[in-house]
1. Taking the alpha-carbon distance from residue 266 and a cut-off under 16 Å, which lysines remain once sequence neighbours fewer than 8 residues away in the same chain are dropped?
2. What is the list of residues in the stretch 168-184 whose amide nitrogen lies under 20 Å from a point 7 angstrom out from the Cα of residue 101, following Cα to Cβ?
3. What residues of the stretch 196-228 lie in the reach of a label at residue 252, counting those whose backbone N is under 15 Å from a point 7 Å from the Cα along Cα→Cβ?
4. Quick check: residue separation of residue 138 and residue 79 times 0.36 nm, minus the Cα distance between them. What number comes out in nm?
5. Using a Cα-Cα cut-off of under 20 Å, which lysines could be cross-linked to residue 118, ignoring same-chain neighbours fewer than 8 residues away?
6. Please report, as a whole percent, how much of the solvent-accessible surface of the stretch 244-383 comes from carbon and sulfur atoms (probe radius 1.4 Å).
7. How far apart, in nanometres, would the label points at residue 290 and residue 338 be if each is projected 7 angstrom from Cα along the Cα-to-Cβ direction?
8. Pull up all non-local amide H partners of residue 44: gap of 5 or more, or a different chain, and H-to-H distance under 5 Å with H placed in the peptide plane.
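The values are calculated or read from the model by the stated rules, or taken from the named source; none is laboratory data. Since this is a predicted model, take the numbers as computed values, not measurements. Ideal geometry is used to build each Cβ from the backbone, glycine not excepted, and the neighbour counts take in all protein chains shown. All accessible areas refer to the heavy atoms of the entire protein, side chains included, with ligands and DNA or RNA removed. Shrake-Rupley method; radii C 1.70, N 1.55, O 1.52, S 1.80 Å.
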Amino acid sequence: MYSPADVTTCSEFPIPDRMKAWVLADPGELKFTDKNVPVPRRAEVLLRVDAAAICATDLDVIYHGPPAIIQGGLPFNKNFTPGHEYMGTVVALGPGVDECQIGDRVAVEIHAGCGQCKRCREGMYTSCLNYGLNYGSSDKGHRANGFTTDGAFCEYQVNNINTLVAISDDMSDEEGALVVTAGTAMYALTELGGLVAGESVIVSGAGPIGLMVIAVAKALGAQPVILTEIRDDRMNIARGLGADAVVNVGKVRDVVAAVKELNDGKGADYVVECSGSNTAVNDAVHMASRGGKVCLAAFAHAPANLDVAHVVSNNIYLYGIRGEGKSAVRRAEALMRQKRFDATKIHTHTFPLAELPTAIRYAKDRIDGAIKVVVKPRLNAPS
Ligand SMILES: [Zn+2]
Ligand SMILES: [Zn+2]
């Protein structure tokens, strides 16, 4: 039975010594195996993973490697468990932890920065300067679960207490797993972007992040919020999340002109690029108004061709976003707790953990209209 020294457990949540876990072998190859249940150290807890969502970045990690860094390099054949968007129940406390209790249901931020570098001290722990490096020592405490340390496609995982966000009791496990996705949208719009009510937002691409940006932007009072997209089912979900207008990229000759027409011909205060398409970045800077901001949220796979003179002469701000810093996840959870938007519209499928490859196939190939696909280790277990 699991009883590491100085770790607090509770008989209500018995923990086995071994657990089922997926590990990444060669690129694109996952193996279902057994691992020791990890042990929380100082300022860490052990979570029972209740729901883990599949993200496009998981596909990047599983098929290509980056942005995961394991032991200073690519994540393949290193017994590494991916998965970074999840929620769970606190089942054991590391030495000295009194910030939460066993039984708490929590969403988790992905990144626990090193806490020591300049960016971490600024609250930008997703841009930690020691990402995957830890000043050369894995004991320094930096974790980015599913990227630099083991993630959520397993039954139990350790998390730093700073990454825990208590979720409302009436939130389902699936909705809880989407809190971190909403946190990314929040970080893009408010902390990095500085959005205030009444500003206009254009979102290109209605993947999970794009849809969340629409939901969060509307909850924050943005007006209008316009989506450019190609798939009808996703346009409908976007409308359900509050999008004021939708432009079907497949049906207009000039998408930039079409979105400008919907916003007084001047372009938007914010353009959030979530599609990753070849021409998207250049289109985005032309959709922004003079002095507007363009947030790049998609992991594009090829360098973009960009009209730099347009960016310069129109004073356009261009910024990338990685993850969800500055406690944005907590603020996103607060909006969800207040029912300011319904994140469950983005969740489409749930599979047992053992069927992760099927779940990934649904997410990757968008089978049956899949958007956010969730796996649950205890899908049919009594709660
Ligand atoms: Zn993600
Ligand atoms: Zn740091």
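1. Candidates past the 8-residue exclusion: 293.
2. Only 168-171 fall inside the zone, counting backbone N under 20 Å.
3. It comes to 201-206, 224-228, nothing else.
4. Working: separation 59, 0.36 × 59 = 21.24 nm, distance 1.60 nm.
Value of the extension gain: 19.6 nm.
5. Straight-line reach from residue 118, under 20 Å: 140, 326.
6. Details: 3410 of 7220 Å².
On the stretch 244-383, the fraction of accessible area on carbon and sulfur atoms equals 47 percent.
7. Between residue 290 and residue 338, the label points sit 3.5 nm apart.
8. Amide H to amide H, under 5 Å and 5 or more residues apart or across chains, residue 44 pairs with 94, 161.
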